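Asks: Mind looking over this structure? Questions follow.
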Amino acid sequence: MMAGPLDAVSRARGALQGFEPYDPAFSATRINLSANENTHPMPASYAKALADACAAPLNRYPDPMANGLRDVLAQRHGVARECVIVGNGGDELLFNLLFTFGGEGRTLVTCPPDFSEYALFAQMTDTRHVAVWRDGADWSIDADALVSAARDAALVFLTSPNNPTGDVVPHALVRRLLDETDALVLVDEAYVEFAPEGTSVVPWVAQDPRLMVLRTLSKAFGLAGLRCGYLVADPAVVDMLGAIRQIYSVDVLCQSVATAAVRSRDALVPVVADIVAERERLALSLSRVKGVTVWPSAANFVLVRLDRASVVRQRLRDEHSILVRDFSYAPGLEGCLRITVGTHEENESVVSALKAILEGE
Ligand code: PMP
């Protein structure tokens, strides 16, 4: 055989052709407000609990189901251990949901603009994807259109608060989906700690076996690097996902640190409160910059629209060493940049940099 260049793409399954490695468009900058991380310094007691938890023994395999971590998460939400499953970030659970309940002949319904991984994972798993687009002005969802699309669906994914638009899904819409369709309904609450009290639908899971709620430690808990997400769902869903999961995807360090973080969560209350207060200040300051439109947000980021968004993003990076996320290429998000809420100083910096660029100060 001649040893020519290997064409791995044509050897891959059809559904996997045309994919590119995920590129968060990261560059090293003084201020990084591009990935919705928690940039606040952590309280000393929280940091110490996490550091102590890093002493976990690494010569042993992890507990495949992470029962110790499941127990503290179950306790946090007032549910049984059987209602919780953990994953290597929320991403793994999103993939596994489509791998398990999607696939050929099944449909996922989403409401874009939303988290781009939903559509990617649907494609990878040969799941048909139906998009019910949000209103381009206020991002609201056409409830009748969604319910009607969901009647034939295996899965519906809703994001509350939504990334990148920042709005919360009305409870009445979740209720309608559960009452009027037979779909499994996922509410992705990755950012819910930043939303008003009572936003989460976790308390509904006990009565609604088709409702599943995704949470993560990547945002409010400041642990994006740890890779820990979890699902609160009916025990039947948890059992199914438990049976197909990569057995050791949540490693010993992750289980140990995540358990300490969830136990120490009270220390985060002032941090989250500060991010919420900063979000309101940031949104107001941005709305006063000439040429900037800001949408209200219940998450730890704000979405803005402005002219020549890509150029502005590049100038923020190159002239001010501030990184924000460019969504202006994405359908429905023309002219949009997403700015993570940082510390007070970081937020002041991004506002004055934008002023300098747009108002020429
Ligand atoms: N859902 C949404 C809406 C997100 O924005 C993210 C992260 N960007 C995730 C889920 C997954 O987060 P992780 O894998 O870090 O838990």
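The values are calculated or read from the model by the stated rules, or taken from the named source; none is laboratory data. Fair warning: this is a prediction, and the values are worked out from it, not measured in the lab. Here the Cβ positions follow ideal geometry from the backbone for every residue, glycine too, while neighbour counts run over all protein chains shown.
Asks: I need every pair where a residue in region 212-224 that is within 11 Å of the ligand (Cβ to nearest atom) has its Cβ under 9 Å from the Cβ of a residue that is assigned to a strand (DSSP E or B) and of a type in the set (A, V, I, L, M), sequence separation at least 6 or different chains.
Replies: Here the result reads L214/L186; L214/V187; L214/L231; L214/V232; R215/L231; R215/V232, each pair linking region 212-224 to a residue that is assigned to a strand (DSSP E or B) and of a type in the set (A, V, I, L, M).
Asks: A follow-up question, please. Do you know which residues across region 33-46 are outside any helix (DSSP H, G or I) and either of a type in the set (G, A, S) or within 16 Å of the ligand (Cβ to nearest atom) (or both)?
Replies: L33, S34, A35, N36, E37, N38, T39
Asks: Counting residues that are surrounded by fewer than 22 Cβ atoms within 10 Å (Cβ to Cβ), which strands (runs of 3 or more DSSP E) fully inside region 47-136 reach at least 2?
Replies: Values: elements: 84-87, 107-110, 128-131.
Ranges flagged: 128-131.
Asks: Collect the residues in region 335-347 that are surrounded by fewer than 20 Cβ atoms within 10 Å (Cβ to Cβ) and touching a residue at least 24 places away in the same chain (Cβ under 8 Å), keeping them in residue-number order. It would help to see each step written out before you state the result.
Replies: Kept after step one, since they are surrounded by fewer than 20 Cβ atoms within 10 Å (Cβ to Cβ), are these residues of region 335-347: 335, 343-345.
Listed by number, the residues that qualify are G335, T343, H344.
Asks: Here's another thing I want to ask about it. P62: closer than 19 Å to G225 by Cα and away from the ligand (no atom under 16 Å from the Cβ), yes or no?
Replies: Judged against the criteria, P62 is a match.
Asks: Looking at D142, D188 in this structure, which one is in contact (Cβ under 8 Å) with a residue 60 or more places away in the chain and assigned by TED's automatic domain parsing to the domain that holds H77?
Replies: Numbers: D142 fails: in contact (Cβ under 8 Å) with a residue 60 or more places away in the chain.
Just a single option satisfies the conditions, and that option is D188.
Asks: While we're on this one: Restricting to region 74-98, what's the tally of residues that are closer than 26 Å to T125 by Cβ and within 22 Å of the chain's Cα centre (by Cα)? Give the steps one after another, and end with the answer.
Replies: Step one: list which residues in region 74-98 are closer than 26 Å to T125 by Cβ, which gives 82-98.
Next, from what is left, pick out any that are within 22 Å of the chain's Cα centre (by Cα): 83-98.
Total meeting the criteria: 16.
Asks: Of the conditions (1) among the hydroxyl-bearing types (S, T, Y); (2) more than 16 Å from the ligand (Cβ to nearest atom); (3) loosely packed, with under 12 Cβ neighbours inside 10 Å, T29 clears all except one; give me its number.
Replies: Exception for T29: condition (3).
Asks: When you check L241 against the structure, is it part of a loop (DSSP other than H, G, I, E, B) and either in contact with an Asp or Glu (Cβ under 7 Å, 6 or more places away or on another chain) or in the same structural domain as A195 (by TED's automatic domain parsing) (or both), yes or no? Don't jump to the end; show me each part of the working.
Replies: Details: part of a loop (DSSP other than H, G, I, E, B): no; either in contact with an Asp or Glu (Cβ under 7 Å, 6 or more places away or on another chain) or in the same structural domain as A195 (by TED's automatic domain parsing) (or both): yes.
It is false that L241 is part of a loop (DSSP other than H, G, I, E, B) and either in contact with an Asp or Glu (Cβ under 7 Å, 6 or more places away or on another chain) or in the same structural domain as A195 (by TED's automatic domain parsing) (or both).
Asks: Something else now. Just name the residue that is nearest to G87 (Cα to Cα) out of those in region 199-219 that are surrounded by fewer than 21 Cβ atoms within 10 Å (Cβ to Cβ) and among the hydrophobic types (A, V, I, L, M, F, W, C).
Replies: In this case the residue turns out to be V202.
Asks: Restricting the search to region 143-187, which residues are in a loop (DSSP other than H, G, I, E, B), in contact with a strand residue (DSSP E or B) (Cβ under 7 Å, 6 or more places away or on another chain) and under 28 Å from R325 (Cβ atoms)?
Replies: Going residue by residue through region 143-187, those that are in a loop (DSSP other than H, G, I, E, B) are 151-154, 160-170, 181-183.
If we keep only those that are in contact with a strand residue (DSSP E or B) (Cβ under 7 Å, 6 or more places away or on another chain) too, we end up with 152-154, 160, 164-166, 169, 183.
Result: S160, P164, T165, G166, V169.
Asks: If you don't mind, another one. Among what's in region 156-191 and is within 15 Å of the ligand (Cβ to nearest atom) and charged (D, E, K, R), pick the residue that is surrounded by the most Cβ atoms within 10 Å (Cβ to Cβ).
Replies: D188
Asks: OK, next. Is there a residue being without any contact (Cβ under 8 Å) to a residue 40 or more places away in the chain, closer than 22 Å to S116 by Cβ, surrounded by fewer than 21 Cβ atoms within 10 Å (Cβ to Cβ) and not charged (D, E, K, R) anywhere in region 270-283? Can you show your working first?
Replies: Of region 270-283, the ones without any contact (Cβ under 8 Å) to a residue 40 or more places away in the chain are 273, 277, 280, 283.
If we keep only those that are closer than 22 Å to S116 by Cβ as well, we get none.
No, every residue in region 270-283 fails to be without any contact (Cβ under 8 Å) to a residue 40 or more places away in the chain, closer than 22 Å to S116 by Cβ, surrounded by fewer than 21 Cβ atoms within 10 Å (Cβ to Cβ) and not charged (D, E, K, R).
Asks: Turning to a different aspect of this structure: Report, by residue number, each residue of region 28-45 that is farther than 20 Å from N300 by Cα and at pLDDT 95 or above. Talk me through it step by step, then tell me what you get.
Replies: First, pick out the residues of region 28-45 that are farther than 20 Å from N300 by Cα: 28, 44-45.
Within region 28-45, A44, S45 meet the criteria.
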